[in-house]
Amino acid sequence: MAWLQDRFQMHKLHWNSRSPIPSEFWIAVTAYFTVGLVGLWTFWYFFSLWRRKISLSWMKIIARSKRKNFERNHKVPTSEHVWNTESLIRAKGLKCCVCLESISPAQPLGQMMTSENMVHRCDVCGVAAHIICSPNSQKDCKCVSMFGSKHVIHQWTVLWTDVADQSEEGQYCCYCEELCSESFLGGPPIYCCMWCQRSVHIDCQSAMAAETGDICDLGPYKRLILSPLFVRTISKPGGILSSITQGANEFASTVRVHLGSRGKKVKHHKRLPSDSVQGDSNDDSSSDTTLNSNQRAKESKATGGSVQRSAENEHYSSEHYSSESDGRELISEPIRLNDETGGVKLKYALSDLPADARPLLVFINKRSGAQRGDSLKHKLHFLLNPVQVFELSSSQGPETGLILFRKVPHFRILVCGGDGTVGWVLDAIDKQNYESPPPVAILPAGTGNDLSRVLSWGGGLGAVEKQGGLRTVLHDIEHAAVTILDRWKVTFEDKKSNNVLLVKYMNNYLGIGCDAKVALDIHNLREENPEKFYSQFLNKVLYAREGAKSIIDKAFVDLPWQVRLEVDGTEIDIPEDSEGVLVTNIPSYMGGVDLWQNEDEEPENFDPQSIHDKMLEVVSITGTWHLGTLQVGLSRARRIAQGQSIKMQMFAPFPVQVDGEPWVQQPCTLKISHHGQAFMLRAAIEEPLGHAAAIITDVLEHAESSHVINASQKRALLQEMALRLA
């Protein structure tokens with residue numbers, strides 16, 4: 001120490017004398033500092049390895065203990081995992097539930113992870129496993145059917161990944177009420193129930209099971225969850241032949257995994273997207289839910305100049321999805337029910353549910369603008385019963401879920417997708433001829449999400465996540481108010497109005513001219529480069545870019561003379577500077593623009609816009625530049641007319657779009673008439689009237705269950721309530 005002080009004094013004298021020679025003292029300090037840093041980093045590295053080893057040991061002990069509990073306690077429900085093949089890139093960060101090793105091992109420097117590497121991912125509970133490990137997995141998947149049991153039993157699992165938004169209550173042990181978190185030294189993982197999402201310490205679980213019998217009440221969303229006590233598996237003749245077939249299918253699936261990458265480019269061109277607003281998915285799989293209906297939906301063919309469904313409206317396609325890489329061979333084929341199912345194959349049947357149950361039927365379109373359908377599916381499978389979650393595709397439409405729920409008296413529907421997906425589901429509901437149709441809520445996963453904005457569900461998944469995620473959405477659905485939405489029938493006839501060329505159903509808006517041209521350009525770009533449409537934000541950027549290209553293109557300056565407009569039988573002059581005409585049903589366009597709001601015009605000329613007044617509003621726009629200024633709030637659309645029936649005669653070909661679905665329409669006569677009204681759910685966000693409407697809705701449903709009123713009376717009362725509280 002004395003030597004160090006002497007050296008310091010000597011170097012201090014040298015510094016005071018302003019010696020230009022570098023000091024040996026500072027070189028030594030730098031060396032000591034570097035050695036200390038390297039030593040600290042080395043210590044932290046080995047400490048992390050030690051902590052990981054301890055954590056892995058804990059997990060292996062828990063896995064062995066869990067296996068013994070399953071063998072000893074026959075009351076615990078067991079279910080096999082439903083494996084689907086998935087790209088290793090999408091399973092990054094997960095651990096194998098069998099060997100407990102990382103699914104995606106560390107890659108050598110400079111080596112990229114490729115999509116040829118595949119893993120198995122359970123379609124029900126979301127766990128992952130190596131393909132060689134999955135045959136040895138335990139039967140600890142979420143048991144979707146406990147038919148015949150008296151109570152739902154907790155299904156405890158180790159969360160291999162964060163598959164659901166954790167509530168504040170879930171952060172504490174439900175037995176000792178202490179914080180559930182891993183210790184600094186890598187303590188044991190926490191058990192979480194796959195039904196009620198409650199957490200419990202490993203040491204507390206046995207004591208709690210002895211006291212409560214491990215009975216689960218399904219948690220805070222028990223009214224929305226389809227209880228497994230009322231789900232019955234439809235058995236089919238089995239035997240050794242079916243076992244051999246299943247084993248052969250598993251072997252064939254494993255072989256296809258290694259061969260699938262060779263035909264990936266070919267399959268990419270053969271497949272047609274079911275909701276082309278976001279183009280193709282980054283994933284080759286198009287797996288169904290546990291219902292696994294592999295039937296082809298009836299295809300609707302349209303004549304005339306229409307293109308395939310685009311934006312959010314591609315409901316059907318003529319190509320069946322390839323099943324070579326979706327893992328469906330691992331799921332046993334369901335049998336066909338009797339004629340009341342409409343020829344739809346079902347794997348489950350529902351028995352009579354309690355009167356206070358309000359199960360949620362969920363439809364997910366993973367090809368919607370945000371392209372996060374797979375993530376939503378895994379989260380909803382964990383929060384709800386996987387039987388009530390359906391993935392829409394070209395081979396499975398909403399009819400499968402609606403038929404499964406056909407005898408459920410009071411259920412609600414959640415559509416995870418864009419405006420086109422909502423229209424698809426509403427069309428399917430119309431075909432079921434419900435006496436009192438189920439109300440529909442929206443999880444905005446499209447690009448514009450205009451209908452979702454009007455009903456207060458938000459403009460995108462980002463806004464939903466900021467407000468609390470899926471748990472908040474489920475809470476809002478349970479307390480949402482029922483409202484009604486006008487639906488309109490759009491008929492395209494030839495010039496003489498003798499033959500019907502095409503029939504569409506409109507929920508949001510219809511456009512002719514420059515706005516439809518931008519939508520058509522986006523559709524064509526999506527068909528050519530589907531990989532560009534993978535997020536809501538970039539989709540909007542591409543819309544803006546295509547709109548900017550059309551600013552100098554004055555292709556529709558003759559529209560006022562080539563389109564004849566009649567509203568309620570009266571001919572309306574289109575302004576001479578117009579390059580587009582829009583017919584709107586809701587106060588939202590292009591992601592939130594209210595076209596009918598215009599302070600520059602006299603308010604007494606027109607009535608305020610409403611989504612259930614059986615009236616349509618007609619506005620004009622002067623070009624693509626006008627569309628851009630509307631988007632940023634620098635201008636307003638010009639209001640033309642308001643009425644209950646609209647007729648337009650087109651004397652030249654024009655781009656036309658209905659709810660975002662564009663095509664080039666040849667000269668024809670276009671007629672819009674009122675089709676009906678759909679029940680929708682509006683989020684009651686800090687609105688006294690909204691909360692009151694939600695309470696009244698619950699009272700009316702309870703009255704129907706008690707046979708105080710019938711379905712027709714409930715429907716009439718709900719419609720009157722929606723009108724009065726609007």
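Considering each of LEU94, LEU100 in turn, give the residue that is touching a Ser or Thr at 6+ places or on another chain (Cβ under 6 Å), open to solvent by less than 70 Å² (accessible area, probe 1.4 Å) and at pLDDT 55 or above.
Details: LEU100 fails: touching a Ser or Thr at 6+ places or on another chain (Cβ under 6 Å).
Exactly one residue qualifies, and that residue is LEU94.
Rundown of residues vs (1) assigned to a loop (DSSP other than H, G, I, E, B); (2) modelled with pLDDT of 80 or more; (3) farther than 30 Å from ALA209 by Cα, yes/no style:
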position	(1), (2), (3)
ARG52	no, no, no
ASN84	no, yes, yes
PRO108	yes, no, yes
ILE132	yes, yes, yes
PHE147	yes, yes, no
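Has the stretch 616-632 got any residue that is open to solvent by 30 Å² or more (accessible area, probe 1.4 Å), at pLDDT 90 or above and not charged (D, E, K, R)?
no
Among the residues of the stretch 434-468, write down those that are under 17 Å from GLY417 (Cβ atoms) and among the basic types (Lys, Arg).
ARG453
Please work out if LEU474 is of a type in the set (A, V, I, L, M, F, W, C), at pLDDT 90 or above and under 27 Å from GLY676 (Cβ atoms).
Working: of a type in the set (A, V, I, L, M, F, W, C): yes; at pLDDT 90 or above: yes; under 27 Å from GLY676 (Cβ atoms): no.
So LEU474 does not fit the description; no.
Quick check: is even one residue across the stretch 562-581 small (Gly, Ala, Ser) and either under 27 Å from LEU443 (Cβ atoms) or modelled with pLDDT under 80 (or both)?
Initial filter on the stretch 562-581 (small (Gly, Ala, Ser)): 569, 578, 580.
From what's left, either under 27 Å from LEU443 (Cβ atoms) or modelled with pLDDT under 80 (or both): none.
Taking every residue of the stretch 562-581 in turn, none turns out to be small (Gly, Ala, Ser) and either under 27 Å from LEU443 (Cβ atoms) or modelled with pLDDT under 80 (or both).
Among the residues of the stretch 494-523, which ones are modelled with pLDDT of 75 or more and either part of a helix (DSSP H, G or I) or of a type in the set (Lys, Arg) (or both)? Give the steps one after another, and end with the answer.
Step one: list which residues in the stretch 494-523 are modelled with pLDDT of 75 or more, which gives 494-496, 498-522.
Of everything in the stretch 494-523, those that are modelled with pLDDT of 75 or more and either part of a helix (DSSP H, G or I) or of a type in the set (Lys, Arg) (or both) turn out to be LYS495, LYS496, LYS504, CYS514, ASP515, ALA516, LYS517, VAL518, ALA519, LEU520, ASP521, ILE522.
Take SER452 and tell me if it is among the small types (Gly, Ala, Ser), assigned to a loop (DSSP other than H, G, I, E, B) and buried (at least 22 other Cβ atoms within 10 Å of the Cβ). Let's see the steps before the verdict.
On the way: among the small types (Gly, Ala, Ser): yes; assigned to a loop (DSSP other than H, G, I, E, B): no; buried (at least 22 other Cβ atoms within 10 Å of the Cβ): yes.
No: the conditions fail for SER452.
Which residue out of PHE679, PHE651 is closer than 30 Å to ASP521 by Cβ and touching a helix residue (DSSP H, G or I) at 6+ places or on another chain (Cβ under 9 Å)? It would help to see each step written out before you state the result.
Numbers: PHE679 fails: closer than 30 Å to ASP521 by Cβ.
Criteria check complete, one pass: PHE651.
For LYS379, state whether it is in the same structural domain as ILE442 (by the TED database) and not in a loop (DSSP other than H, G, I, E, B). Give the steps one after another, and end with the answer.
Values: in the same structural domain as ILE442 (by the TED database): yes; not in a loop (DSSP other than H, G, I, E, B): yes.
Considered against the rule, which asks whether it is in the same structural domain as ILE442 (by the TED database) and not in a loop (DSSP other than H, G, I, E, B), LYS379 comes out as yes.
Would you pick out the residues in the stretch 455-480 that are in contact with a Pro (Cβ under 7 Å, 6 or more places away or on another chain) and assigned to a loop (DSSP other than H, G, I, E, B)?
TRP457, GLY458, GLY459, GLY460
Collect the residues in the stretch 381-399 that are under 27 Å from HIS702 (Cα atoms) and of a type in the set (S, T, N, Q), keeping them in residue-number order.
Residues satisfying the conditions are ASN385, GLN388.
Inspect the stretch 632-651 for any residue being within 26 Å of VAL583 (Cβ to Cβ) and under 29 Å from the mean Cα position of the chain (by Cα) and give the result as yes or no.
Just the residues of the stretch 632-651 that are within 26 Å of VAL583 (Cβ to Cβ), to begin with: 632-651.
Filter once more, keeping what is under 29 Å from the mean Cα position of the chain (by Cα): 632.
Yes, that holds for at least one residue.
Touching a residue at least 60 places away in the same chain (Cβ under 8 Å), touching an Asp or Glu at 6+ places or on another chain (Cβ under 8 Å) and among the basic types (Lys, Arg): is that true of ARG471 in this structure? Before the answer, list the steps.
Working: touching a residue at least 60 places away in the same chain (Cβ under 8 Å): yes; touching an Asp or Glu at 6+ places or on another chain (Cβ under 8 Å): yes; among the basic types (Lys, Arg): yes.
Considered against the rule, which asks whether it is touching a residue at least 60 places away in the same chain (Cβ under 8 Å), touching an Asp or Glu at 6+ places or on another chain (Cβ under 8 Å) and among the basic types (Lys, Arg), ARG471 comes out as yes.
Restricting attention to the stretch 459-481, report how many residues are open to solvent by less than 30 Å² (accessible area, probe 1.4 Å) and closer than 19 Å to LYS377 by Cα.
So the first thing to find is which residues in the stretch 459-481 are open to solvent by less than 30 Å² (accessible area, probe 1.4 Å), and the list is 459-461, 464, 469-471, 473-474, 477, 480-481.
Then drop every residue that is not closer than 19 Å to LYS377 by Cα, which leaves 460-461, 464, 469-471, 473-474, 477.
The total comes to 9.
Are any residues in the stretch 383-403 open to solvent by 10 Å² or more (accessible area, probe 1.4 Å) and either part of a loop (DSSP other than H, G, I, E, B) or of a type outside the set (Asp, Glu) (or both), and if so, which ones? I'd like the intermediate steps shown before the answer.
Going through the stretch 383-403, the residues open to solvent by 10 Å² or more (accessible area, probe 1.4 Å) turn out to be 399, 403.
Of everything in the stretch 383-403, just one residue is open to solvent by 10 Å² or more (accessible area, probe 1.4 Å) and either part of a loop (DSSP other than H, G, I, E, B) or of a type outside the set (Asp, Glu) (or both), namely ILE403.
Would you be able to tell me the number of residues in the stretch 413-425 that are at pLDDT 95 or above and not in a helix (DSSP H, G or I)?
Count: 3.
The values are calculated or read from the model by the stated rules, or taken from the named source; none is laboratory data. As the structure is a prediction and not an experimental result, all values here were calculated from the model. Methodologically, a virtual Cβ is constructed for each residue, glycine included, from the backbone with ideal geometry; neighbour enumeration extends over all protein chains shown. Accessible surface is based on the protein model in full, side chains and every heavy atom, while ligands, DNA and RNA are left aside. Shrake-Rupley method; radii C 1.70, N 1.55, O 1.52, S 1.80 Å.
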